[in-house]
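Q: Quick one: the structure is below, and I'll ask about it shortly.
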């Protein structure tokens, strides 16, 4: 396997739109440290290209920004239909022995368990990965301070992995940032969405899960 | 829908109250692959007790339980 990574970034609705922009911060970091990566966005984000890149470039790390369920991770919407990239029982073995972070809901249930192989690691969610959006910033998601509370801790998993941290350490750093964000919310008097933000952070903290080899490293 | 699957009336009232009190109008909640919802849309889903409404109710109840049991304080204090 090679020290590069593959990232998927669909952008066809509000949720994937936010993930698309926030995942760009991971890409910017990879550029800064000179790591090779393959950024799958429309029109290149197809199952054929995804499988071909896994086969030819053999990345040790795969980052999904996607919709998902307990059996599938999706890619782009093609002809009004979401294309399945990974499906349990069909092609989950293509992720064996890699480090996978799936920012996709329910991916940490059955699917994650079946993507590990002998020495791989899978970080995902047992709950719907959720976040609040301030509509006034929907045209500029990176300026949306509310969305940032949820999306920065999840970006931190990918960035920590790229830094060479163990998967478990990357996972813990993300949990700690969510905790810090909850503490920060409690200290601010006029934050408009404090209780709701804390509830959603708690949902993501409780749902975030790590499976397989917790000592796995990107480099 | 069978009667036994219906949400408890008081729980529903509490969740609707909290939704109203805690999410300002210009905010939306993205719930995994279910979509992005305004406060009014969430209210509708809770009233209908459909899948999205139940996900939101579960999220609220988990948070209330974790707050009242001290679980959140315990984790934040670590």
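Q: Taking neighbour Cβ counts within 10 Å as the exposure measure, how do A:36, B:62 sort from fewest upward?
A: A:36, B:62
Q: Give the peptides A:182-195, A:154-167, A:19-32, B:38-51 in descending order of average Cβ contacts within 10 Å, highest first.
A: Descending mean neighbour count gives A:154-167, A:19-32, B:38-51, A:182-195.
Q: Given the DSSP H assignment, sum -39500 (n - 2.57) over each helix run of at least 4 residues in chain A and divide by its residue total; what's the result at 222 nm in deg cm²/dmol, nearest 500?
A: Taken over chain A, the calculation gives -13000 deg cm²/dmol.
Q: Looking at the square roots a ≥ b ≥ c of the eigenvalues of the Cα gyration tensor of the protein assembly as shown, which shape do they give, rounded for a/c under 1.5, prolate if a/b is larger than b/c, or oblate?
A: Prolate, since a/c reaches 1.5 and a/b exceeds b/c.
Q: Could I have the simple spin-label model distance between residue A:83 and residue A:163, label points 7 Å from Cα toward Cβ, reported in nm to one decimal?
A: Inter-label distance under the simple model: 3.5 nm.
Q: Taking each residue in B:71-78, count the Cβ atoms of any other chain within 10 Å of its Cβ, then average. What number comes out?
A: Rounded to a whole number, the mean comes out at 3.
Q: Evaluate the relative contact order of segment A:6-86 (contact order divided by residue number), counting alpha-carbon pairs under 8 angstrom at least 6 apart; express in whole percent.
A: Over segment A:6-86, the number comes to 39 percent.
Q: For segment B:3-77, rounded, prolate or oblate, judged on the Cα gyration tensor with a ≥ b ≥ c (square roots of eigenvalues), a/c < 1.5 rounded, else prolate if a/b > b/c?
A: oblate
Q: Sort A:16, A:209 by Cβ crowding within 10 Å, fewest neighbours at the top.
A: Listed from fewest to most nearby Cβ atoms, that is A:209, A:16.
Q: Then there is this: Compute the FRET efficiency between residue A:94 and residue A:195 as 1/(1 + (r/R0)^6), taking r as their Cβ-Cβ distance and R0 = 51 Å, and round to the nearest 0.05.
A: 0.75
Q: With everything on Cα atoms, drop me the angle between helix B:39-48 and the longest principal axis of chain B, reported from 0 to 90° to the nearest 10.
A: On a 0 to 90 degree scale, this one is about 70.
Q: Oh, and also: Kindly identify segment A:82-176 as rounded, prolate or oblate by the Cα gyration tensor criterion: order the square roots of the eigenvalues as a ≥ b ≥ c, call it rounded if a/c is under 1.5, otherwise compare a/b with b/c, prolate if a/b is larger, else oblate.
A: Oblate is the answer for segment A:82-176, as a/c is 1.5 or above yet b/c matches or exceeds a/b.
Q: Helix B:9-22 versus the longest principal axis of chain B: what is the Cα-based angle in degrees, 0 to 90, to the nearest 10?
A: Around 70 degrees separate the two axes.
Q: What's the center-to-center distance, using Cα atoms, between segment A:170-217 and segment A:133-151 in Å?
A: What the calculation gives is 16 Å, centre to centre.
Q: Then there is this: For chain B, what does the helix formula give at 222 nm: sum of -39500 (n - 2.57) over DSSP H segments with n ≥ 4, over the residue count, nearest 500 deg cm²/dmol?
A: My calculation for chain B gives -20000 deg cm²/dmol from helical runs alone.
Q: While we're here: Under a point spin-label approximation (7 Å from Cα along Cα-to-Cβ), what is the residue A:48-residue B:11 distance to one decimal in nm?
A: About 4.8 nm separates the two model spin labels.
Q: Helix B:51-69 versus the longest principal axis of chain B: what is the Cα-based angle in degrees, 0 to 90, to the nearest 10?
A: With both axes taken from Cα atoms, the answer is about 20 degrees.
Q: Can you give me the relative contact order of chain B as a percent, contacts being Cα pairs under 8 Å and 6 or more apart?
A: 20
Q: In what sequence do A:77, A:56 fall when counting other Cβ within 10 Å, fewest first?
A: Exposure proxy ranking, most exposed first: A:56, A:77.
Q: For segment A:2-212, calculate the relative contact order in percent as a whole number, restricting contacts to Cα pairs under 8 Å that are 6 or more residues apart.
A: The value is 19 percent.
Read-outs throughout are calculated quantities, based only on the coordinates presented, and are distinct from any laboratory measurement. Note that the coordinates shown come from a computational prediction; the quantities given were computed from them, not determined experimentally. For neighbour counting, all protein chains shown are included, and Cβ atoms are generated from backbone atoms with ideal geometry for every residue, glycine included.
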